[in-house]
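The values are calculated or read from the model by the stated rules, or taken from the named source; none is laboratory data. Just so we're clear, the structure is a prediction, and the values are computed from it rather than from any experiment. In this analysis, Cβ positions are derived from the backbone assuming ideal geometry, glycine residues included, and neighbour counts consider all displayed protein chains. Ligands, DNA and RNA are excluded from the accessible area calculation, which covers all protein heavy atoms including side chains. Shrake-Rupley method; radii C 1.70, N 1.55, O 1.52, S 1.80 Å.
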Amino acid sequence: MTGVQNWQDHGTPEQDDPMVLIAIPSLASILVAGETKKGSPLSQAEVLQIRDRATCKFVSLSARRKLDEDRGYIDINYENVWDEWRKIREWLKGNPALNAQPRAGEH
(Lines give C-alpha, C1' and ligand atoms only; values in the text may rest on other atoms or scores of the structure.)
Protein backbone atom coordinates (compact mmCIF):
# COMPACT_ATOMS: atom_id res chain seq x y z
CA MET A 1 0.00 0.00 0.00
CA THR A 2 1.91 2.99 -1.26
CA GLY A 3 1.52 6.25 0.67
CA VAL A 4 -0.14 4.61 3.69
CA GLN A 5 1.83 4.47 6.90
CA ASN A 6 1.20 2.01 9.66
CA TRP A 7 0.35 3.77 12.96
CA GLN A 8 2.51 1.24 14.78
CA ASP A 9 5.59 2.64 13.03
CA HIS A 10 5.13 5.94 14.86
CA GLY A 11 4.15 4.81 18.33
CA THR A 12 0.87 5.35 20.07
CA PRO A 13 -0.40 8.69 21.38
CA GLU A 14 0.33 7.42 24.91
CA GLN A 15 3.98 6.84 24.02
CA ASP A 16 4.32 10.23 22.33
CA ASP A 17 2.50 12.13 25.10
CA PRO A 18 2.37 9.96 28.25
CA MET A 19 0.03 10.59 31.14
CA VAL A 20 1.53 12.10 34.29
CA LEU A 21 0.15 12.78 37.75
CA ILE A 22 -0.32 16.40 38.87
CA ALA A 23 -1.68 17.97 42.05
CA ILE A 24 -4.47 20.53 41.98
CA PRO A 25 -3.41 23.07 43.26
CA SER A 26 0.32 22.54 42.80
CA LEU A 27 2.08 20.30 45.28
CA ALA A 28 4.62 23.06 45.95
CA SER A 29 1.87 25.50 46.96
CA ILE A 30 0.16 22.91 49.16
CA LEU A 31 3.43 22.22 50.98
CA VAL A 32 4.18 25.93 51.42
CA ALA A 33 0.71 26.41 52.91
CA GLY A 34 1.17 23.40 55.21
CA GLU A 35 4.50 24.67 56.49
CA THR A 36 3.14 28.19 56.95
CA LYS A 37 0.22 26.83 58.95
CA LYS A 38 2.52 24.66 61.07
CA GLY A 39 4.95 27.51 61.66
CA SER A 40 8.02 25.28 61.37
CA PRO A 41 9.62 23.00 58.78
CA LEU A 42 7.63 19.98 57.71
CA SER A 43 9.09 16.57 58.47
CA GLN A 44 9.51 13.96 55.75
CA ALA A 45 6.51 12.08 57.14
CA GLU A 46 4.38 15.25 57.00
CA VAL A 47 5.46 15.99 53.42
CA LEU A 48 4.57 12.45 52.35
CA GLN A 49 1.23 12.64 54.16
CA ILE A 50 0.36 15.95 52.47
CA ARG A 51 1.33 14.48 49.10
CA ASP A 52 -0.77 11.38 49.70
CA ARG A 53 -3.82 13.46 50.63
CA ALA A 54 -3.50 15.96 47.78
CA THR A 55 -6.17 16.13 45.10
CA CYS A 56 -4.57 14.93 41.91
CA LYS A 57 -5.35 13.82 38.39
CA PHE A 58 -3.65 12.39 35.35
CA VAL A 59 -3.00 14.70 32.40
CA SER A 60 -0.87 14.40 29.31
CA LEU A 61 2.77 15.40 29.63
CA SER A 62 2.17 18.21 27.13
CA ALA A 63 -0.68 19.53 29.29
CA ARG A 64 1.55 19.47 32.37
CA ARG A 65 4.28 21.35 30.51
CA LYS A 66 1.76 23.98 29.45
CA LEU A 67 0.48 24.30 33.03
CA ASP A 68 4.05 24.65 34.35
CA GLU A 69 4.74 27.31 31.74
CA ASP A 70 1.57 29.24 32.61
CA ARG A 71 2.30 28.95 36.33
CA GLY A 72 5.91 30.04 35.91
CA TYR A 73 7.52 27.06 37.65
CA ILE A 74 7.74 23.29 37.42
CA ASP A 75 5.83 21.62 40.21
CA ILE A 76 7.29 18.99 42.52
CA ASN A 77 7.41 15.46 41.15
CA TYR A 78 5.24 13.05 43.19
CA GLU A 79 7.87 10.33 43.14
CA ASN A 80 10.64 12.59 44.43
CA VAL A 81 8.61 14.86 46.69
CA TRP A 82 10.90 14.95 49.74
CA ASP A 83 14.12 15.78 47.86
CA GLU A 84 12.44 18.35 45.64
CA TRP A 85 10.63 19.95 48.59
CA ARG A 86 13.94 20.37 50.46
CA LYS A 87 15.46 22.12 47.42
CA ILE A 88 12.48 24.46 47.13
CA ARG A 89 12.67 25.30 50.84
CA GLU A 90 16.35 26.22 50.50
CA TRP A 91 15.56 28.41 47.51
CA LEU A 92 12.71 30.12 49.38
CA LYS A 93 14.93 30.77 52.41
CA GLY A 94 17.49 32.45 50.18
CA ASN A 95 14.89 34.68 48.53
CA PRO A 96 14.09 37.54 50.96
CA ALA A 97 11.31 38.97 48.78
CA LEU A 98 9.39 35.71 49.06
CA ASN A 99 9.83 35.56 52.83
CA ALA A 100 8.80 39.14 53.57
CA GLN A 101 6.16 39.30 56.25
CA PRO A 102 3.88 42.34 56.54
CA ARG A 103 4.65 44.53 59.52
CA ALA A 104 2.02 45.10 62.18
CA GLY A 105 -0.79 47.19 60.76
CA GLU A 106 0.04 46.40 57.10
CA HIS A 107 -2.22 44.28 54.98
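The set of residues in the range 45-64 being among the charged types (D, E, K, R) and in contact with a strand residue (DSSP E or B) (Cβ under 9 Å, 6 or more places away or on another chain) consists of Arg51, Lys57, Arg64. The C-beta contact set for the range 28-45 (first residue among the charged types (D, E, K, R), second residue open to solvent by less than 50 Å² (accessible area, probe 1.4 Å) and not in a helix (DSSP H, G or I), distance under 9 angstrom, 6+ apart or interchain) comprises Glu35/Leu42.
Quick check on the range 56-63. Is at least one of its residues open to solvent by 70 Å² or more (accessible area, probe 1.4 Å) and either more than 17 Å from Asp83 (Cα to Cα) or not hydroxyl-bearing (Ser, Thr, Tyr) (or both)? The answer is yes, given that some residue of the range 56-63 is open to solvent by 70 Å² or more (accessible area, probe 1.4 Å) and either more than 17 Å from Asp83 (Cα to Cα) or not hydroxyl-bearing (Ser, Thr, Tyr) (or both).
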